[in-house]
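The values are calculated or read from the model by the stated rules, or taken from the named source; none is laboratory data. Note that this is a predicted model, so its numbers are computed, not measured. As a convention, Cβ positions derive from the backbone with ideal geometry for all residues, glycine included, and neighbour counts pool all protein chains shown.
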Amino acid sequence: MLIFLDGQPILASASSAGHLALWDLNDGGRLLHLVRGAHDGAVTAVEWVPGQPVLVTSGEDNSVKVGFQLNCGPLLTC
C-alpha cells in the first residue's frame, strides 16, 4: 500500500505485518522513519489528512490510528 503526501516528496507505505514506513523520494527513496508494529496485523488503509502532515491508518486489528505526524522542516513544507 502506497500513498503520497500532497505536493511533497514523502511516501508512506504499509505492510501486511503491521509496519509503517515513510520515504524521502528526493533522496533516492531514503527511509525517513519506520514504525514497527503500528498495528497488530496487516495495515488495511493509509491516508494523509488533506493539507496536513498527519497520517491516519487502519488495520486488521480493528483499530484506526491518527497522529503519525511529520515535523515541518527542509523535507516538508507546512
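The set of residues from the range 3-16 being at pLDDT below 80 and surrounded by 17 or more Cβ atoms within 10 Å (Cβ to Cβ) comprises LEU5, GLN8. The residue that is surrounded by the fewest Cβ atoms within 10 Å (Cβ to Cβ), among those in the range 17-43 that are in contact (Cβ under 8 Å) with a residue 40 or more places away in the chain and not aliphatic (A, V, I, L, M), is ASN26. If the condition is being modelled with pLDDT of 85 or more and either in a strand (DSSP E or B) or on the phi > 0 side of the Ramachandran plot (or both), then the range 51-72 contributes LEU55, VAL56, THR57, SER58, GLY59, ASN62, VAL64, LYS65, VAL66.
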